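These notes are about the structure you will find just below.
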Amino acid sequence: MLKNIHPLLHADLLATLSAMGHGDDIVVADANFPADSVARHTTLGKVLRLDGSDVPQAVAAILSVFPLDSFVDHPASRMQVVGKPGDLPAIQNEVQALIDRAEGKPLPMEGIERMEFYERAKNAYAVVATSERRFYGCFIFKKGVIAPEA
């Protein structure tokens, strides 16, 4: 264990988050997402598992160390509900609250159509799979920068 590091951030996940550069994407996905097959297309090439955790736990852990990109309009994206792209399931509202808390301001997510989400996920740096059973618990986060201290 390490001090001030969320316990879900295991060595492989921490190394991946650290290795990612500005503009790289990470996917956090629910249990129904085809994480293994999509992850084979990513930069990392394998899925990072957080078995036993749900999506909000995983997102909270990741956002505790992961800066979101301030150079793009939507550094956080969500999978849209099929046939109802404007609907926000409870899990997406929970993740939105975590994003806003981590950033200290409202930062609305972009909705991405399901099949387009899968294609964008294949171009990500890595995929994190959780045990989340609620539908539409799939998100993409774009890494930002940490400014030098004045």
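Yes or no: the range 56-79 includes at least one residue that is free of Cβ contacts under 8 Å to residues at least 12 places away in the same chain and surrounded by fewer than 16 Cβ atoms within 10 Å (Cβ to Cβ).
no
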Positions within the range 24-47 being loosely packed, with under 15 Cβ neighbours inside 10 Å, small (Gly, Ala, Ser) and in a loop (DSSP other than H, G, I, E, B), in sequence order
Gly45
All positions within the range 100-141 that are within 16 Å of Phe71 (Cα to Cα) and surrounded by fewer than 22 Cβ atoms within 10 Å (Cβ to Cβ):
Glu103, Lys105, Pro106, Leu107, Pro108, Met109, Glu110
Taking interchain pairs and intrachain pairs at least six residues apart, which have beta carbon atoms under 8 angstrom, with the first residue in the range 38-54 and over 14 Å from Ile140 (Cβ atoms) and at pLDDT 95 or above and the second among the aromatic types (Phe, Trp, Tyr) and in a loop (DSSP other than H, G, I, E, B)?
Leu44/Tyr125
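What's the total number of residues in the range 12-23 that are part of a loop (DSSP other than H, G, I, E, B) and crowded, with 18+ Cβ neighbours inside 10 Å?
Adding up the residues that qualify gives 1.
Select from the range 1-47 the residues that are farther than 17 Å from Ile62 by Cα and aliphatic (A, V, I, L, M) and list them in ascending order.
Ala31, Ala35, Val38, Ala39
The values are calculated or read from the model by the stated rules, or taken from the named source; none is laboratory data. For clarity, every value in this text was computed on a predicted model and none was experimentally measured. Counting neighbours? That spans all protein chains shown, and the Cβs are built from the backbone with ideal geometry, glycine included.
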